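In what follows, a structure is listed as structure tokens, so that the remarks can point back to it.
The values are calculated or read from the model by the stated rules, or taken from the named source; none is laboratory data. Bear in mind the structure is a predicted one, so any value in this text is a computation, not a measurement. Note that we place each Cβ from the backbone using ideal geometry, even for glycine, and neighbour counts take in every protein chain shown.
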Amino acid sequence: MAKRNRKRVSENRATKVRASAAAGDDTAITAFALPAAPLSAEMAAYFAKCEEKLGFVPNVLKAYAFDNAKLSAFVAMYNDLMLAPSGLSKLEREMIAVVVSSHNRCYYCLVAHGAGVRQLSSDPVLGELMAMNFRAARLSRRERAMLDFAVKLTAEPWLIEEEDREALRRVGFSDRDIWDIAAVAGFFNMSNRVAFASDMRPNSVYHGQAR
């Protein structure tokens with residue numbers, strides 16, 4: 001395990017060097033002049049864990065590091081929605097993240113979570129389809145219903161009715177699953193808007209991952 005992690009860190013750093021020349025996104029993470037606050041012990045340990053497992057700290061975490069309370073709240077919400085036990089797989093949650101971000105045209109989340117879809121699915125084409133047009137993908141009825149709901153909730157939330165929830169139940173989602181779909185979609189709509197407002201830039205390393 002340690003050997004694989006070291007190899008991943010080395011590959012990520014090499015990819016970062018190649019990608020940074022084209023994108024230049026690692027030099028200015030946001031448009032705001034917000035100096036980083038001293039990290040709490042908990043957040044310092046979390047950043048160290050990111051370095052160990054990923055080979056880098058995601059720029060979104062650095063962007064929130066001006067305020068430990070906001071950083072901790074963001075990390076807790078993200079980890080609960082995206083990593084905690086759920087009737088939705090981790091891949092399904094990443095697919096929602098990318099499709100919502102595609103509708104909103106969020107550069108940061110498309111790059112970061114597009115890489116997540118590619119990694120979890122071992123299918124680079126699926127990652128591209130989620131970013132470009134999920135309706136062109138050969139999806140299951142379950143996946144298509146889930147993503148249609150997430151996009152409608154993003155684009156026209158006031159039009160969500162019982163029929164939309166029932167369409168999800170018909171393909172096997174429980175009411176708890178529907179809550180989770182809505183919560184993930186809602187989180188990324190929020191994150192997309194903060195990313196736009198701050199001109200948040202993704203780590204260059206994401207561009208080359210799982211290609």
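Summary table
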quantity: Residue in segment 151-162 that is in a helix (DSSP H, G or I), at pLDDT 95 or above and acidic (D, E) present; calculated: yes
quantity: Among the residues listed as A150, A131, the single one being among the aliphatic types (A, V, I, L, M), in contact (Cβ under 8 Å) with a residue 40 or more places away in the chain and either surrounded by 12 or more Cβ atoms within 10 Å (Cβ to Cβ) or touching a strand residue (DSSP E or B) at 6+ places or on another chain (Cβ under 6 Å) (or both); calculated: A150
quantity: Hits in segment 153-177 - residues which are farther than 14 Å from V98 by Cβ, among the β-branched types (V, I, T) and touching a residue at least 24 places away in the same chain (Cβ under 8 Å); calculated: V171
quantity: Hits in segment 44-103 - residues which are assigned to a helix (DSSP H, G or I), acidic (D, E) and within 24 Å of L34 (Cβ to Cβ); calculated: E51
quantity: Some residue of segment 39-51 being farther than 24 Å from E156 by Cα, within 12 Å of the chain's Cα centre (by Cα) and surrounded by fewer than 22 Cβ atoms within 10 Å (Cβ to Cβ); calculated: no
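Conditions (1) among the hydroxyl-bearing types (S, T, Y); (2) in a loop (DSSP other than H, G, I, E, B), marked per residue:
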| position | (1), (2) |
| --- | --- |
| R165 | no, no |
| G186 | no, no |
| N189 | no, no |
| V194 | no, no |
| P202 | no, yes |
| Y206 | yes, no |
| R211 | no, yes |
